[in-house]
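Novice: Sharing a structure below in structure tokens format, with a few things to ask.
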Amino acid sequence: MKFQDEFRDRALVQNMAANIYHMAERLQSPVNFMEVCGTHTMSIYQYGIRSLLPENVRLVSGPGCPVCVTPIGYVDKALASAADLRNIIATFGDMLRVPGSNSSLMEMRAGGADIRIVYSPLDAVALAQNNPERRVVFLGVGFETTAPTIAASILHAVQLNLNNYCVLTAHKTMPVPMDILTGDPELNIRGYLCPAHVSTVIGGNAYKPLVEKYKIPCVVTGFEPADVMQGIEMLLAQILRSESRVEIQYSRAVSWEGNPKAQAILNQVFVPCNAVWRGLGMLPGSGLAIRKEYASFDAERVLELDVPEAFENPACRCGEVLKGKLSPFDCPLFAGACTPETAVGACMVSSEGTCAAAYKYGR
Amino acid sequence: MNNDLILLGHGSGGRLSHQLLDELIIPVISGVAPAAQNDAALLESASGRLAFTTDSFVVDPVFFPGGTIGSLAVHGTVNDLAMMGARPLWLSVGLIIEEGFSKADLRIILEDMRKAADGAGVAIVTGDTKVVPRGKADKIFITTSGIGAVEHTLPIHGANARPGDVIVINGTLGDHGIAVMAGREGLEVGTEIQSDSAALNGLVADLLAELGPALHLLRDPTRGGVATTIKEIATQSAVDITLHEEELPINPAVRGVCAILGLDPLFVANEGKLLAFVSPEAVDTALAVMRKHPLGMNAAAIGVVENGTAGRVQMETVIGGMRAVDMLSGEQLPRIC
């Protein structure tokens, strides 16, 4: 398939692997590179990329799965809105199995709640149009890739004059958590494979402040195996030359400025806010709230969602997994008490979760 | 009164039931004269071992590119018999119909069943029809049971995979699952993808005849896809298995839809595919037999059985990396970003 097979070429990837081995011989000490995008995590496991790398080049998965970093309190709010049977809950499939304090959307659906999987927020708007007597609550979870499409759905609902569509938002934005993680001496991250889809929107320039502050190499990298391998090569090359700058490996999709149209729509509807990340806590300016002008589409304001304080299983160590401090295989719950069927934490059930990838491809 | 719809009375056992059976179901599905109706079908007893299986079909939508719930219900049960190396002989059909279902649609489904049964050389010899109130079922559910004659003495079963065996598949992965999903979700991509739903007993008969004892195991990778089936076999036979991603035949359109939706074709359902575990020296024959058959043109050898006993399944990826393969967990869900 065009633009896919070219980047899955065995000879090409094997060459890159040989080159990475060669470069790694010149490293003084092992290096940790972090990927902060769930699709990278999945790709790395799916293609067995770790098995092609020398021991002193380690890949660490970061908080790149939007579902996984969503706090349990948000899931509880989604469950509370689903419990009101006048509502239709529209969601991407990933949220379905994520455990809240007491239940999950999948369990609520089995119990009779009206929960629909959609592939696009515009499908949720169509649901609202087709069910004028019901309220459609869309679960807006995602990074800058998803946020513009959800902003567009709200603008579309305005155009249609809909008063039965709203969004429960838990949007997060990317560079902020990377700042926190880079400063963590325990993690000792020496370079970032920066997210591909997110960067199509925010552009390569978004990582420049991080590079200036920490002198850490950043390479915006695509998802295919040859992309990931080349991203690793580029990071190693920077380290060996004692450089630190932003480079764009994924230049077929990402520019330095990003996508101004998507940014404009995003900024028209959303405003930056403080946000709680699972595992990382409250990070200032790392979330997106719906602007006051669009308050009638903000589920937080429209629905009276009074949920008790979230209960998190004390044995769950998703937080450390999300920070890259704990490998899924070292979590005492992994593949025992916590499986995709009996998940304790979201990392095990989101299709981009580190534990889900490790469970599916890594054992 | 609307004469085009199925009513609760059509399942009452009374006059309407008889009318539906005599005018629509029996003539279309079996070709048997209504007068021959009895409480049970009488069958000439076959000597030797019989294979017996049952399966229920609740596919949504009932019409999908490449088939209907009717043909699927016949193929599914015929294939389960064929995977034991049995020659399918007789089927039963249980219909559960939702009140208000269109008679015209029912006719299309029944005609499709008949066509599928004729194609597979199997007779539908008995059946039952129930109608449930609107909302108590989704359009139509079909249960088929089947009996087949086992005319070989080979140990073809799930625990018979042996180290050294090569795994051969008769064609592309994931067509059925993606065709149904495209139909159900109204996707604007992948609309050209057809289900692979087909009866495999003809192909199995050819394989049995040509391979004999070199044929160790047959399994159709339906729900959960090839990955789940291979993992089941590895566990059941207590062997390790390595798959080669590069060798997996996948229709480019299926690959495209899977890439967009974040699905893995290895876990997507098939309804006209079989995995044959054959002795290494018989691989070329197996591939030749398959490629000669209309249902095996894209046949490929996709993996080997290793010496281990842990039930581990690994895949050598297209780029030469290694990764584990496990059963499908829950349902495959489309991704978020």
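The values are calculated or read from the model by the stated rules, or taken from the named source; none is laboratory data. Here the structure is a predicted model, which means the values were calculated and not measured. Because the Cβ atoms are built from the backbone with ideal geometry, glycine has one as well, and the counts that use them run over all protein chains shown. Ligands, DNA and RNA are stripped out before the accessible areas are found, and what is left, the full protein with its side chains, is counted by its heavy atoms. Shrake-Rupley method; radii C 1.70, N 1.55, O 1.52, S 1.80 Å.
Novice: Taking K and R as +1 and D and E as -1, what net charge do the other residues with C-beta under 10 Å from the C-beta of B:V305 add up to? If you can, show how the numbers build up before the last one.
Specialist: Numbers: positive: B:R162; negative: B:D165, B:D240, B:E306.
Neighbourhood net charge equals -2.
Novice: In segment A:35-304, what is the count of Lys pairs whose alpha carbons are under 27 Å apart, counting only pairs at least 8 residues apart or on separate chains?
Specialist: 9
Novice: Just to confirm the number: angle between the C-alpha axis of helix A:225-240 and the first principal axis of chain A, 0 to 90 degrees, nearest 10?
Specialist: So the helix axis and the longest Cα principal axis differ by about 60 degrees.
Novice: While we're here: If you take the beta carbon distance between A:A289 and B:R184 as r and set R0 to 35 Å, what does 1/(1 + (r/R0)^6) give as a FRET efficiency, to the nearest 0.05? List each step's numbers first, then the result.
Specialist: Values: r = 35 Å, r/R0 = 1.00.
FRET efficiency, A:A289 to B:R184: 0.50.
Novice: Per-residue Cβ counts within 10 Å, from other chains only, averaged over A:41-49: what number is that? Please report the intermediate quantities before stating the final value.
Specialist: Details: counts 0, 3, 0, 2, 3, 6, 9, 12, 4.
Average neighbour count from other chains, rounded to a whole number: 4.
Novice: Could you please put A:T200, B:T144 in sequence from largest to smallest accessible area, using a 1.4 Å probe? Could the numbers behind the result be given before it?
Specialist: Details: A:T200 40, B:T144 0 Å².
Highest to lowest solvent-accessible surface, that is A:T200, B:T144.
Novice: Between A:S251 and A:Q28, with labels modelled 7 Å along Cα→Cβ, what's the label distance in nm to one decimal, could you check?
Specialist: In this crude spin-label approximation the distance works out to 3.1 nm.
Novice: Is the shape of chain A best called rounded, prolate or oblate, per the rule: a/c under 1.5 gives rounded, else a/b larger than b/c gives prolate, else oblate, with a ≥ b ≥ c the square roots of the Cα gyration tensor eigenvalues? Please list the in-between numbers first.
Specialist: Working: a/c = 1.97, a/b = 1.57, b/c = 1.25.
Verdict is prolate for chain A.
Novice: Give the relative contact order (percent, whole number) for segment A:148-247; include only Cα pairs under 8 Å separated by 6+ residues.
Specialist: Details: 90 pairs, mean separation 24.4, N = 100.
This gives 24 percent for segment A:148-247.
Novice: Considering only DSSP states other than H, G, I, E and B, which GluC sites (Glu not before Pro) in segment B:266-334 qualify as loop sites with at most 15 other Cβ atoms within 10 Å? Before the final figure, lay out each step's value.
Specialist: Values: sites: B:E271, B:E281, B:E306, B:E316, B:E331; in loops: B:E271, B:E306, B:E331.
Counting only loop positions with at most 15 other Cβ atoms within 10 Å, the GluC sites (Glu not before Pro) in segment B:266-334 are B:E331.
Novice: Which one, B:P265, B:P61, B:P133, has the greatest fluctuation when you compute a Gaussian network model over chain B with C-alpha springs under 10 angstrom?
Specialist: B:P133
Novice: Can you give the FRET efficiency to the nearest 0.05 for B:N3 and A:R134, using r as the Cβ-Cβ distance and R₀ = 30 Å? Before the final figure, lay out each step's value.
Specialist: On the way: r = 34 Å, r/R0 = 1.14.
So the FRET efficiency works out to roughly 0.30.
Novice: Moving on. How would B:D240, B:D206, A:D298 rank on accessible area, largest to smallest, probe 1.4 Å?
Specialist: Values: B:D240 30, B:D206 65, A:D298 10 Å².
Largest accessible area first, the residues go B:D206, B:D240, A:D298.
Novice: Which residue fluctuates the most in chain A, going by a Gaussian network model with Cα springs under 10 Å, if the choices are A:V167, A:V246, A:V31?
Specialist: Residue with maximal mean-square fluctuation among A:V167, A:V246, A:V31: A:V31.
Novice: So how exposed is B:I147, as accessible area in Å² (1.4 Å probe, rounded to 10)?
Specialist: 40 Å²
Novice: Extending each Cα 7 Å along its Cβ direction at B:A159 and B:K292, get the distance between those two points in nm, one decimal.
Specialist: Going from the B:A159 label point to the B:K292 one covers 3.4 nm.
Novice: Among A:T91, A:T70, A:T342, which one shows the biggest mean-square fluctuation in a GNM of chain A, springs joining Cα atoms closer than 10 Å?
Specialist: Of the options given, A:T342 has the highest mean-square fluctuation.
Novice: Taking the Cα centroid of segment B:220-242 and of segment B:70-129, what is the distance between the two, rounded to the nearest whole Å?
Specialist: 27 Å
Novice: Using a simple spin-label model with points 7 Å from Cα along the Cα→Cβ vector, what separation in nm is obtained for A:L240 and B:R15?
Specialist: Once both label points are built, they end up 9.1 nm from each other.
Novice: Now for a separate question. What does the buried accessible surface come to for A and B, summed over both chains, with the probe at 1.4 Å? Round to 100 Å².
Specialist: For A against B, buried area totals roughly 3000 Å².
Novice: So what J values fall out for segment A:102-107 if you push phi through Karplus, 6.51 cos²θ - 1.76 cosθ + 1.60 with θ = phi - 60°, rounded to Hz, Gly and Pro as x?
Specialist: For segment A:102-107, the Karplus curve yields 10, 7, 9, 4, 5, 5 Hz.
Novice: For B:S45, what accessible surface area do you get with a 1.4 Å probe? Give it in Å², rounded to 10.
Specialist: Accessible area of B:S45: about 110 Å².
Novice: Now for a different question. Sequence gap at least 6, Cα distance under 8 Å: using those rules, report the relative contact order of chain B to the nearest whole percent.
Specialist: Numbers: 771 pairs, mean separation 70.8, N = 337.
Rounded, it is 21 percent for chain B.
Novice: If you take every residue apart from A:L288 with its C-beta less than 9 Å away from the C-beta of A:L288, what net charge results, scoring Lys and Arg +1 and Asp and Glu -1?
Specialist: So the surrounding residues net to 0.
Novice: Something else: In debye, nearest 20, what is the charge dipole magnitude of the protein assembly as shown about its Cα centre with +1 on Lys and Arg Cβ and -1 on Asp and Glu Cβ, if you could check? Write out the running numbers ahead of the final one.
Specialist: Details: 54 positive and 74 negative charges, 230 e Å.
The calculated dipole for the protein assembly as shown is roughly 1100 debye.
Novice: Related question: Does anyone have the angle between helix B:283-292 and the longest principal axis of chain B? Alpha-carbon axes, 0 to 90°, nearest 10?
Specialist: With rounding to tens, the tilt is 40 degrees.
Novice: May I ask for the distance between the Cα centers of segment B:166-203 and segment B:265-306, given as a whole number of Å?
Specialist: 16 Å
Novice: If you don't mind, another one. Can you tell me the FRET efficiency between A:N205 and A:Y119 if r is taken as the Cβ-Cβ distance and R0 is 45 Å, rounded to the nearest 0.05?
Specialist: 0.90
Novice: So which trypsin sites (Lys or Arg not before Pro) in segment A:233-315 end up in coil per DSSP with only 11 or fewer other C-beta atoms within 10 Å?
Specialist: Working: sites: A:R241, A:R245, A:R252, A:K261, A:R278, A:R291, A:K292, A:R301; in loops: A:R241, A:R245, A:R252, A:R278, A:R291.
Of the trypsin sites (Lys or Arg not before Pro), the ones in loops of segment A:233-315 whose Cβ has at most 11 other Cβ atoms within 10 Å are A:R241, A:R252.
Novice: Which of A:G73, A:N87, A:P121 sits farthest toward the positive end of the charge dipole of segment A:63-165, with +1 on the Cβ of Lys and Arg and -1 on the Cβ of Asp and Glu?
Specialist: My answer, from the dipole projection, is A:N87.
Novice: Expressed as an acute angle from 0 to 90° and rounded to the nearest 10, what is the orientation of the C-alpha long axis of helix A:10-24 relative to the principal long axis of chain A?
Specialist: 60 degrees
Novice: How much of A:L53 can a 1.4 Å solvent probe reach, expressed as accessible area in Å² and rounded to 10?
Specialist: 20 Å²
Novice: If you scale each eigenvalue of the Cα gyration tensor by 5 and take the root, what three semi-axes come out for segment B:166-324, rounded to whole angstrom and sorted largest first? Could you put the intermediate results ahead of the total?
Specialist: On the way: eigenvalues 128, 76, 33 Å².
Equivalent-ellipsoid dimensions as semi-axes: 25, 20, 13 Å.
Novice: Could you give the spread of the C-alpha atoms of chain B along their three principal axes, from largest to smallest, in whole angstroms?
Specialist: Sorted largest first, the three principal extents are 66, 57, 33 Å.
Novice: Work out the charge dipole of segment A:38-195 with +1 on the Cβ of Lys and Arg and -1 on the Cβ of Asp and Glu about the Cα centre, then indicate which of A:G183, A:P148, A:S51 is farthest towards its positive end.
Specialist: It is A:P148, whose Cα lies furthest towards the positive end.
Novice: Can you compute the charge dipole magnitude of segment B:162-213 about its Cα centre, using +1 on each Lys and Arg Cβ and -1 on each Asp and Glu Cβ, nothing else charged? Give it in debye, rounded to the nearest 20. Show your work: numbers first, answer last.
Specialist: Values: 2 positive and 8 negative charges, 39 e Å.
Charge dipole of segment B:162-213: 180 debye, to the nearest 20.
Novice: Counting each DSSP H run of 4 or more residues in chain B as -39500 (n - 2.57), what helix-only mean residue ellipticity at 222 nm follows after dividing by all residues, to the nearest 500 deg cm²/dmol? Intermediate results must be reported in sequence, preceding the final value.
Specialist: Numbers: 9 runs with 97 residues, N = 337.
After summing the helix terms and dividing by residue count, I get -8500 deg cm²/dmol.
Novice: How big is the gap, in Å, between the Cα center of segment A:258-301 and the Cα center of segment A:43-107?
Specialist: For segment A:258-301 versus segment A:43-107, the Cα centre distance is 19 Å.
Novice: Follow-up question, since we're still on this one. Along each of the three principal axes of the Cα atoms of segment A:155-289, give the extent in whole Å, ordering the values from largest to smallest.
Specialist: 58, 34, 25
Novice: Ordering A:C316, A:C166 by accessible area with a probe of 1.4 Å, largest first, what comes out? List each step's numbers first, then the result.
Specialist: Working: A:C316 25, A:C166 0 Å².
So, going from the largest accessible area down, we get A:C316, A:C166.
Novice: Scan segment B:191-233 for GluC sites (Glu not before Pro) in coil per DSSP, keeping those whose Cβ has at most 11 other Cβ atoms within 10 Å, and list them by number.
Specialist: Numbers: sites: B:E192, B:E210, B:E232; in loops: B:E192.
Here the sparse-neighbourhood loop sites are B:E192.
Novice: Amide H of A:R291 versus every other amide H placed in the peptide plane: which residues, excluding those fewer than 5 positions away on the same chain, fall under 5 Å?
Specialist: Residues meeting the amide H criterion: A:F270, A:V271.
Novice: What average count of beta carbons from other chains do you get within 10 Å of the Cβ of residues in B:242-255?
Specialist: Working: counts 0, 0, 0, 5, 2, 0, 0, 0, 1, 0, 4, 1, 0, 3.
Average per residue, whole number: 1.
Novice: Note down the relative contact order for chain A as a percent, whole number, built from C-alpha pairs under 8 angstrom at least six residues apart. List each step's numbers first, then the result.
Specialist: Working: 696 pairs, mean separation 83.5, N = 363.
The normalised contact order for chain A reaches 23 percent.
Novice: Let me know the whole percent of all Cα-Cα pairs from the protein assembly as shown that are separated by more than 49 Å.
Specialist: The proportion of pairs with Cα distances above 49 Å equals 22 percent.
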